[in-house]
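K.L.:
This is the structure, below, for whatever I ask next.
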Ligand code: BEZ
């Protein structure tokens, strides 16, 4: 069963390239980007792990920990990490789960019936400090994920949690945002002192509050 957005992320224990973890303990008060890989020694996955490692400073700024998973053994992971570091010119700076028993892939609904059945699909879960799944998406095996988009969505989620706003299509940091529809006109001046533009009763834009 796929895990739905806003559902509680199930806890699990796992062996990883950085030692054994209990997911809830390991994640602590951080956000998590949990992304899965079909198999070790595969080209697209190799570039994705390299990209995530390179972006660690950006994830750190946002209080986000990265966690990878692939359905292979720790021994294979150790060899693959060497390939990733060599070809992508990075240091692997976050753990990758060895899910060779597929327990976590099954728990998170990552085994796709229409893809090669013994592989996890290319899923991403963004999980907040309350352990709620705030975003999930799945790509086909042949297409690498866009980590700039993952960072953009994390920015949008964190802003919307802080400021009672939503983000319009293609929003990026610094652009106008949408005032949530549950905020009355009377409340707007105190909550959004930078002013607002009313396009109609439900579409009110304000400069990014912070
Ligand atoms: C890849 O990461 O390149 C890949 C993984 C599984 C199937 C096909 C491609």
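K.L.:
Going residue by residue through segment 118-128, is there one that turns out to be closer than 24 Å to residue 33 by Cβ and free of Cβ contacts under 8 Å to residues at least 12 places away in the same chain?
P.N.:
Filtering segment 118-128 down to residues closer than 24 Å to residue 33 by Cβ leaves 119-128.
Within this subset, residues satisfying the condition of being free of Cβ contacts under 8 Å to residues at least 12 places away in the same chain are none.
So far as segment 118-128 goes, no, none of its residues is closer than 24 Å to residue 33 by Cβ and free of Cβ contacts under 8 Å to residues at least 12 places away in the same chain.
K.L.:
Condition first: surrounded by fewer than 16 Cβ atoms within 10 Å (Cβ to Cβ), at pLDDT below 95, assigned to a helix (DSSP H, G or I) and within 16 Å of the ligand (Cβ to nearest atom). Now tell me which residues in segment 74-132 satisfy that.
P.N.:
None; the set is empty.
K.L.:
While we're here: Which members of segment 124-148 meet the condition of being closer than 20 Å to residue 173 by Cα and in contact with a helix residue (DSSP H, G or I) (Cβ under 7 Å, 6 or more places away or on another chain)?
P.N.:
Across segment 124-148, the qualifying residues are 126, 134, 135, 147.
K.L.:
Within segment 17-46, can you find the residues that are more than 16 Å from the ligand (Cβ to nearest atom), farther than 17 Å from residue 103 by Cα and not in a loop (DSSP other than H, G, I, E, B)?
P.N.:
19, 25, 26, 27, 31, 32, 33
K.L.:
Considering only residues that are at pLDDT 95 or above and surrounded by fewer than 19 Cβ atoms within 10 Å (Cβ to Cβ), which ones fall in segment 2-13? Give the steps one after another, and end with the answer.
P.N.:
Kept after step one, since they are at pLDDT 95 or above, are these residues of segment 2-13: 7-13.
Within segment 2-13, 7, 8, 10, 11, 12, 13 meet the criteria.
K.L.:
Determine whether residue 49 is surrounded by 19 or more Cβ atoms within 10 Å (Cβ to Cβ), under 15 Å from the mean Cα position of the chain (by Cα), under 21 Å from residue 99 (Cα atoms) and within 16 Å of the ligand (Cβ to nearest atom).
P.N.:
For residue 49, the condition - surrounded by 19 or more Cβ atoms within 10 Å (Cβ to Cβ), under 15 Å from the mean Cα position of the chain (by Cα), under 21 Å from residue 99 (Cα atoms) and within 16 Å of the ligand (Cβ to nearest atom) - is met.
K.L.:
May I pose another question? What is the residue count in segment 57-93 for residues that are on the phi < 0 side of the Ramachandran plot and within 14 Å of the chain's Cα centre (by Cα)?
P.N.:
10
K.L.:
Shifting gears a bit: Condition first: buried (at least 19 other Cβ atoms within 10 Å of the Cβ), in contact with a helix residue (DSSP H, G or I) (Cβ under 7 Å, 6 or more places away or on another chain) and in contact (Cβ under 8 Å) with a residue 12 or more places away in the chain. Now tell me which residues in segment 152-170 satisfy that.
P.N.:
The one that is buried (at least 19 other Cβ atoms within 10 Å of the Cβ), in contact with a helix residue (DSSP H, G or I) (Cβ under 7 Å, 6 or more places away or on another chain) and in contact (Cβ under 8 Å) with a residue 12 or more places away in the chain: 165.
The values are calculated or read from the model by the stated rules, or taken from the named source; none is laboratory data. All values derive from a computational prediction rather than experimental measurement. Here the Cβ is made from the backbone with ideal geometry for all residues, glycine too, and neighbour counts use every protein chain on show.
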